[in-house]
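Presented below is the structure to which this report refers.
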Amino acid sequence: MMERFEVRDFLKNVEKLPTLPGIAMRIIEMANNPKSAADDLSRIIVSDQSLSAKVLRLVNSAYYGIRNRVSSVKQATVILGFNTIKSLALSTAIMDKFATTGVVEGFSRGEFWKHSLGVAITNRILARKTGMRKDEEETFFMAGLLHDIGKVILDQYFHEEFVRVLQHLNTYGGSFHSAEKEVNGLTHAEIGGLLASQWQLPEELIAAIRFHHAPQNRTEHVKYIAATHFADILVKTKGFGSGGDQDLSGLDESVVGTLGISEADVAVIVGVEMDREYQNASEFLRLMEIES
Ligand SMILES: [Fe+2]
Ligand SMILES: [Fe+2]
């Protein structure tokens with residue numbers, strides 16, 4: 001009988017799991033402090049030269065569509081707002097830590113990040129369609145970018161269990177998530193959720209990561225969860241990168257109702273907006289040195 005991989009096995013190894021980069025931790029601490037202001041945020045970002053250079057590259061990329069060149073983080077914060085710059089800096093610091101380009105047993109890190117970026121931009125589109133506030137859009141983006149982070153953790157820290165899933169997928173097909181349930185027990189969604197709470201990321205991010213394959217009967221942060229679930233499937237239909245499977249059977253159609261979008265909306269999203277936004281966001285891939 002093959003050994004299963006359960007929450008307790010994961011928790012036993014919790015000390016060896018990656019901590020967030022120091023700069024990301026400082027950003028989260030600052031964001032959790034109600035007294036902090038835009039100045040504190042730019043001071044933290046500017047203290048890390050490589051991070052601030054990357055933030056400025058993204059701010060000046062097509063993704064934000066700002067007409068005049070922004071030359072300082074402080075100015076960027078004024079133009080785009082506190083939450084946007086906070087999420088952007090946090091995403092960049094996290095990507096920096098986990099972005100590699102290797103391939104194991106058919107699983108490509110580059111394709112993985114393209115898939116993640118695809119879900120990120122689609123989440124941002126869905127946030128807009130469902131009337132979320134401007135400053136919430138970026139949290140949707142982050143939820144998409146990090147939704148499958150549990151796979152990276154599996155790959156790097158529980159490699160045997162990771163390979164077992166890939167082999168099962170290779171032989172039987174289906175989704176990564178169902179293969180995990182079959183051979184391991186614990187899924188990348190749960191692993192990602194555990195990690196995100198250990199990192200003290202915002203509650204809505206933890207929920208979106210943890211429940212992106214099980215959106216039914218949720219009562220909190222439902223739009224974050226529904227959007228991430230739906231975006232994951234839409235990105236697979238578009239073929240932006242690959243998160244390890246192209247299985248479309250797992251769609252829970254109730255999410256469309258939760259998001260309150262129409263069939264016509266979906267047609268425009270898939271037919272026009274996703275391509276445009278994905279194109280505009282290609283600077284994120286270049287920052288990770290992934291060919292877009
Ligand atoms: Fe997933
Ligand atoms: Fe995914």
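Stokes-Einstein diffusion for the stretch 98-212 at 4 °C, viscosity 1.567 mPa s, with a Kirkwood radius from C-alpha pairs, works out to 88 µm²/s. Structural descriptor for the stretch 1-76: relative contact order 22 percent, calculated from alpha carbon pairs under 8 angstrom and at least 6 residues apart.
Which percent of the Cα-Cα distances in the stretch 1-101 go past 24 Å?
Working: 1758 of 5050 pairs.
Across the stretch 1-101, Cα pairs with separations above 24 Å total 35 percent.
Rounded to the nearest 500 deg cm²/dmol, what is the calculated helix-only ellipticity per residue at 222 nm for the chain, with -39500 (n - 2.57) per DSSP H run of length n ≥ 4? -19500 deg cm²/dmol, from helical runs alone.
So for each of 188-194, 131-137, 198-204 I average, over its residues, the number of other beta carbons within 10 Å; can you give me the resulting order with the highest mean first? Write down the numbers at each step before the final one.
On the way: 188-194: 23.7, 131-137: 14.3, 198-204: 17.6.
Put in order of decreasing packing, that is 188-194, 198-204, 131-137.
Pairs exceeding a 25 Å alpha-carbon distance, out of Lys35/Lys134; Lys114/Lys223; Lys12/Lys223: Lys12/Lys223. Taking all C-alpha pairs of the chain, those more than 37 Å from each other amount to 10 percent. Of interest is the spacing of the C-alpha centroids, which for the stretch 213-292 and the stretch 122-147 amounts to 11 Å.
Determine the sum of side-chain charges near Val165: Lys and Arg each +1, Asp and Glu each -1, restricted to other residues whose C-beta is under 11 angstrom from that of Val165. My count for the surroundings of Val165 gives -4. Under a Gaussian network description of the chain, with springs only between Cα atoms under 10 Å, the residue in Val104, Val222, Val256 that fluctuates furthest is Val104.
Each peptide in 139-150, 32-43 was scored by the mean count of other Cβ atoms within 10 Å over its residues; highest first, the order is 139-150, 32-43. Taken over the stretch 85-160, the convex hull of the Cα atoms encloses 80 Å³ per residue.
Peptides 227-235, 5-13 ranked from most to least packed by the mean count of surrounding Cβ atoms within 10 Å: 227-235, 5-13. Sparse packing (at most 11 other Cβ atoms within 10 Å of the Cβ) combined with a DSSP loop state is found for the following trypsin sites (Lys or Arg not before Pro) in the stretch 59-99: Arg67, Arg69. Once the C-beta distance of Asn13 and Ser197 is scaled by a Förster radius of 25 Å, the resulting FRET efficiency is 0.95 to the nearest 0.05. With contacts taken as Cα pairs under 8 Å at a separation of at least 6 residues, the chain carries a relative contact order of 22 percent. Only aspartates and glutamates eight or more places from Lys86 in sequence, or on another chain, were considered; those with a Cα closer than 13 Å are Glu29, Asp39, Asp40, Asp135, Glu136, Glu137, Glu138.
Give me the orientation-averaged projected area of the Cα convex hull of the stretch 224-292, in nm², one decimal.
Details: hull surface 20.8 nm².
If you wrap the Cα atoms of the stretch 224-292 in a convex hull and average its projections, you get 5.2 nm².
Throughout, read-outs are computed from the coordinates displayed, never taken from laboratory work. All of these numbers come straight from a predicted model, not from anything done at the bench. Counting neighbours? That spans all protein chains shown, and the Cβs are built from the backbone with ideal geometry, glycine included.
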